[in-house]
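Student: I'd like to ask you about the structure that follows.
Quick note: the coordinates plus some simple rules give every number you see, no bench work behind them. Owing to the predicted nature of the structure, the values given are computational and were not obtained by experimental measurement. When we count neighbours, we look across all protein chains shown, and the Cβ atoms used for this are built from the backbone with ideal geometry, even at glycine.
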Amino acid sequence: MNYEYVVVPAPRKAPKVKGAKTADARFAHALTEVMNSYGAEGWEYLRSDTLPCEERAGLTGTKTSFQNVMVFRREIEADPYDYPQPDNVETPEQLAIGLQSDADRRTADPVTRPEPEAEPDRPVPTPQFGAHREEGRAPRLGPAAGDDRVARFPVPGAERRD
């Protein structure tokens, strides 16, 4: 069974009701009203929870308060993530029926795939470890200056320094 849930804040104040003289009776009436209104829409009361909630206090501070909530659920007919399958997809049973025997598979022609086109040979710069120390400069991070494999994009307002 699949369910969907809704969480609503529990009533904080009990409104005055004719016939309910104590605070307990008024609060019970307020809960009954909430439960009946959601029950009329098909929701089943599940439970009440008290959960922490972090709030702002002042400019930079926070404080933790506790919120009382009521949880309702109702059964949903169909799975919302159950999408219809296309007609041309074979099920595992259909695939098993169409399998050949081991001997037939061994003698069958192998599937040939086209060879990928080879890229032209490009010189790859070899790193010169320690060369920056001899020249008295910082090590260069990233690709070498003449490497054409890296796309360079101009940055507006920035001048190139070599």
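Student: If I go through the range 24-73 residue by residue, how many of them are over 17 Å from Val8 (Cβ atoms) and touching a Cys at 6+ places or on another chain (Cβ under 9 Å)?
Tutor: 2
Student: Could you please give the count of residues in the range 8-39 that are closer than 22 Å to Val71 by Cβ and assigned to a helix (DSSP H, G or I)?
Tutor: To start, the set of residues in the range 8-39 that are closer than 22 Å to Val71 by Cβ comprises 8-14, 27-39.
Next cut, assigned to a helix (DSSP H, G or I) only: 27-39.
Residues that pass the stated criteria total 13.
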